[in-house]
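J.: This is the structure, below, for whatever I ask next.
The values are calculated or read from the model by the stated rules, or taken from the named source; none is laboratory data. These numbers were taken from a predicted model, which means no experiment stands behind them. Neighbour counts are summed over all protein chains in view; Cβ atoms, including those assigned to glycine, are modelled from backbone coordinates with ideal geometry.
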Amino acid sequence: MRGAFSAETVLRSRTKTVTIAADRPFCIIGERINPTGRKKFAADLRAGELGAVTHDAVAQVENGADMLDVNAGIPLVDEAELLASMLKTVQAAADVPICIDSSVIEALEAGLSAYEGRALVNSVTAEDDRLTEILPLVARHDAAVIGLANDETGIPETPAERLECARKIVSAAADHGIAAHDVVIDPLAMTVGADPEAVRTTLITIRLIREQLGVNMCLGASNVSFGLPDRHALNAAFLPMAMAAGLTSAIMSTARPVVDAVRAGDLLLGHDEWGANWIAAHRARQAMVAQGAPVP
């Protein structure tokens with residue numbers, strides 16, 4: 001697969017199709033519908049109150065999300081039941097494809113059964129037991145899957161080791177009838193606040209995976225700025241660097257500085273022909289200002 005960087009990962013909602021590919025605009029997957037670090041949101045979910053799920057779904061799409069990540073991972077709940085309910089709520093509010101985010105097999109099964117469309121599963125690792133558990137489920141539901149480039153030993157320190165984890169996932173997926181274009185590798189973004197070499201390691205890994213495997217890639221982009229001030233500025237600087245290296249999608253903030261950096265990257269990398277999307281977005285904001293409406 002060396003040099004064959006032309007994979008297209010196609011995801012669908014009820015009526016909308018999103019294609020992740022190297023020659024397409026970058027796919028923004030909104031990260032907000034996740035209870036991690038959100039005490040009130042987690043409490044609402046535990047109480048069965050899903051109003052914030054609707055709000056976050058609509059707001060992220062209005063701010064530029066092409067897809068939405070949905071995670072129901074909180075203690076003391078039936079995660080399978082909650083995730084299915086959240087997915088139905090999101091699909092009623094926003095017609096974009098969904099990344100179903102859970103480490104619990106039963107929750108993934110319930111989510112995939114409830115979802116109307118073609119989902120992206122987040123995620124599988126190169127650990128043998130996880131590959132055996134998750135890949136058959138992905139294949140049965142004709143989904144695509146994010147593969148994290150780590151294994152039983154933890155997060156590899158070197159790009160070469162991460163590449164080998166990615167290679168193992170792509171190979172194992174093929175054994176289950178899942179094509180390489182439906183495996184989206186996560187080369188792993190770690191916080192630069194804890195390791196000054198973290199971003200450099202990620203960028204080298206992205207280039208290696210692009211050159212050696214030719215598959216699409218996705219990151220939890222906000223990880224790079226964890227624990228640091230002015231996180232939006234750091235995320236906005238990091239993403240175009242990752243795009244230039246070969247990253248094709250990210251689970252990320254839809255704050256305007258970050259989204260603007262990605263869309264500028266699309267234009268400058270030749271993935272927004274003649275700046276059509278950039279100009280259209282600018283004109284839409286001008287129209288909102290003229291009407292006195294709040295601009296995202």
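J.: Any residue in region 146-159 that is more than 22 Å from Leu208 (Cβ to Cβ), in a loop (DSSP other than H, G, I, E, B) and not aliphatic (A, V, I, L, M)?
T.: Taking region 146-159 first, the residues more than 22 Å from Leu208 (Cβ to Cβ) are none.
No, there is no match, as no residue in region 146-159 is more than 22 Å from Leu208 (Cβ to Cβ), in a loop (DSSP other than H, G, I, E, B) and not aliphatic (A, V, I, L, M).
J.: Please state which one of Gly227, Gly270, Gly246 is within 16 Å of the chain's Cα centre (by Cα), of a type outside the set (Val, Ile, Thr) and more than 21 Å from Glu62 (Cα to Cα).
T.: Values: Gly227 fails: within 16 Å of the chain's Cα centre (by Cα); Gly270 fails: within 16 Å of the chain's Cα centre (by Cα).
Sole residue among the options that is within 16 Å of the chain's Cα centre (by Cα), of a type outside the set (Val, Ile, Thr) and more than 21 Å from Glu62 (Cα to Cα): Gly246.
J.: Further, regarding this structure: Leu188 fails exactly one of the following numbered conditions: (1) in contact with a Gly (Cβ under 9 Å, 6 or more places away or on another chain); (2) under 16 Å from Ala7 (Cβ atoms). What is the number of that condition?
T.: All conditions pass for Leu188, except number (2).
J.: When you scan region 52-68, do you find a residue that is surrounded by fewer than 21 Cβ atoms within 10 Å (Cβ to Cβ), among the polar types (S, T, N, Q), modelled with pLDDT of 95 or more and part of a helix (DSSP H, G or I), even just one?
T.: yes
J.: Right, something else. Name the pairs whose Cβ atoms lie under 6 Å apart, with the first residue in region 276-288 and aliphatic (A, V, I, L, M), the second at pLDDT below 90, and 6 or more positions between them or separate chains?
T.: What qualifies is Met288/Val295.
J.: Quick one: in region 38-50, which of the residues that are touching a helix residue (DSSP H, G or I) at 6+ places or on another chain (Cβ under 7 Å) and over 10 Å from Ala93 (Cβ atoms) is surrounded by the most Cβ atoms within 10 Å (Cβ to Cβ)? Working first, answer last.
T.: Narrowing region 38-50 to residues touching a helix residue (DSSP H, G or I) at 6+ places or on another chain (Cβ under 7 Å): 41, 44-45, 50.
Of the ones still in play, those that are also over 10 Å from Ala93 (Cβ atoms) are 41, 44-45.
Details: Phe41: 19, Asp44: 16, Leu45: 24.
By that ranking, first place goes to Leu45.
J.: Starting from residues that are among the charged types (D, E, K, R) and surrounded by 16 or more Cβ atoms within 10 Å (Cβ to Cβ), keep the ones in region 7-25 and report whichever is nearest to Leu268 (Cα to Cα). Give the derivation first.
T.: Of the residues in region 7-25, the ones among the charged types (D, E, K, R) are 8, 12, 14, 16, 23-24.
From what is left, the residues that are surrounded by 16 or more Cβ atoms within 10 Å (Cβ to Cβ) are 12, 24.
On the way: Arg12: 27, Arg24: 13 Å.
Out of the qualifying residues, it is Arg24.
J.: Among the residues of region 77-97, write down those that are in contact with a strand residue (DSSP E or B) (Cβ under 6 Å, 6 or more places away or on another chain) and either within 17 Å of Ala47 (Cβ to Cβ) or in a strand (DSSP E or B) (or both).
T.: Once the filter is applied, which keeps residues that are in contact with a strand residue (DSSP E or B) (Cβ under 6 Å, 6 or more places away or on another chain) and either within 17 Å of Ala47 (Cβ to Cβ) or in a strand (DSSP E or B) (or both), region 77-97 yields only Met86.
J.: Then there's this: Determine whether region 75-97 contains at least one residue that is closer than 28 Å to Ala126 by Cβ and either within 15 Å of the chain's Cα centre (by Cα) or at pLDDT below 95 (or both).
T.: Yes: region 75-97 contains one or more residues that are closer than 28 Å to Ala126 by Cβ and either within 15 Å of the chain's Cα centre (by Cα) or at pLDDT below 95 (or both).
Every residue, every condition in (1) surrounded by fewer than 24 Cβ atoms within 10 Å (Cβ to Cβ); (2) in contact with a His (Cβ under 6 Å, 6 or more places away or on another chain); (3) within 23 Å of Ala180 (Cα to Cα); (4) of a type in the set (Gly, Ala, Ser), yes or no:
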site: Ser85; (1), (2), (3), (4): yes, no, no, yes
site: Thr89; (1), (2), (3), (4): yes, no, no, no
site: Val104; (1), (2), (3), (4): yes, no, no, no
site: Ala107; (1), (2), (3), (4): yes, no, no, yes
site: Ala110; (1), (2), (3), (4): yes, no, no, yes
site: Ala119; (1), (2), (3), (4): no, no, yes, yes
site: Glu127; (1), (2), (3), (4): yes, no, yes, no
site: Arg130; (1), (2), (3), (4): yes, no, yes, no
site: Ile146; (1), (2), (3), (4): no, no, yes, no
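Per-residue answers, yes or no, for (1) in contact with a strand residue (DSSP E or B) (Cβ under 8 Å, 6 or more places away or on another chain); (2) surrounded by fewer than 23 Cβ atoms within 10 Å (Cβ to Cβ); (3) aliphatic (A, V, I, L, M); (4) free of Cβ contacts under 8 Å to residues at least 12 places away in the same chain:
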residue: Ile169; (1), (2), (3), (4): yes, no, yes, no
residue: Ile185; (1), (2), (3), (4): yes, no, yes, no
residue: Asp195; (1), (2), (3), (4): no, yes, no, yes
residue: Arg207; (1), (2), (3), (4): no, yes, no, no
residue: Leu228; (1), (2), (3), (4): no, yes, yes, no
residue: Ala242; (1), (2), (3), (4): yes, no, yes, no
residue: Leu247; (1), (2), (3), (4): yes, no, yes, no
residue: Ile251; (1), (2), (3), (4): yes, no, yes, no
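J.: Still on this model: Taking the residues in region 118-136 that are over 19 Å from the mean Cα position of the chain (by Cα) and of a type outside the set (D, E, K, R) as candidates, determine which candidate is nearest to Thr17 (Cα to Cα).
T.: Only one residue tops the list, namely Pro136.
J.: Looking at Ile100, Ile74, Ile28, which is the one that is in a loop (DSSP other than H, G, I, E, B) and either crowded, with 18+ Cβ neighbours inside 10 Å or in contact with a Pro (Cβ under 8 Å, 6 or more places away or on another chain) (or both)?
T.: On the way: Ile100 fails: in a loop (DSSP other than H, G, I, E, B); Ile28 fails: in a loop (DSSP other than H, G, I, E, B).
Within the list Ile100, Ile74, Ile28, the selection yields Ile74.
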